[in-house]
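Accompanying notes for the structure given below.
The values are calculated or read from the model by the stated rules, or taken from the named source; none is laboratory data. All figures in this text were calculated on a predicted structure; none of them were measured in a lab. Because the Cβ atoms are built from the backbone with ideal geometry, glycine has one as well, and the counts that use them run over all protein chains shown.
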């Protein structure tokens with residue numbers, strides 16, 4: 001039986017999979033989930049990738065009136081799978097699975113606009129500033 005914290009983590013993981021589908025973080029999230037469930041077995045990882053692709057396709061092709069229902073169904077399915085994975089793991093492995101799952105959830109968390117602050121700065125010449133979590137930026141001056 002899982003603790004409330006692990007049940008909440010599994011629920012967040014289900015939401016993370018659904019939230020990531022069709023976004024810029026999907027490729028990375030998809031690989032992380034497949035590795036987590038695959039446990040180092042390439043065949044199992046491929047099967048998980050197919051399952052993840054089915055989730056993404058179901059979300060992308062859901063009729064507008066059914067989108068919320070499909071989303072909820074997919075979140076619930078992934079939550080159940082994460083719960084089963086956590087329950088099946090031994091104590092040491094469970095800690096590692098939980099750590100990986102927390103990383104997935106953090107990776108797929110939406111960026112909150114206005115969450116960074118820049119104050120009292122002076123710039124002279126070409127400048128690039130980036131504030132926030134999980135950002136990526138490439139600048140070429142000249």
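Summary of values
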{"item": "Residue match in region 42-62 (condition: out of contact with any strand residue (DSSP E or B) (no Cβ under 9 Å at 6 or more places or on another chain), part of a helix (DSSP H, G or I), over 17 Å from residue 104 (Cβ atoms) and at pLDDT below 95)", "result": "no"}
{"item": "Scan of region 3-29 for residues that are loosely packed, with under 15 Cβ neighbours inside 10 Å and farther than 15 Å from residue 107 by Cα, ordered by number", "result": "3, 4, 5, 8"}
{"item": "Considering residues of region 30-50 that are closer than 17 Å to residue 87 by Cα and in contact (Cβ under 8 Å) with a residue 12 or more places away in the chain only, the residue surrounded by the most Cβ atoms within 10 Å (Cβ to Cβ)", "result": "33"}
{"item": "Test: residue in region 58-73 that is closer than 15 Å to residue 38 by Cα and in contact (Cβ under 8 Å) with a residue 12 or more places away in the chain", "result": "no"}
{"item": "Within region 78-93, considering residues that are at pLDDT 95 or above and in contact with a helix residue (DSSP H, G or I) (Cβ under 7 Å, 6 or more places away or on another chain), the one surrounded by the most Cβ atoms within 10 Å (Cβ to Cβ)", "result": "82"}
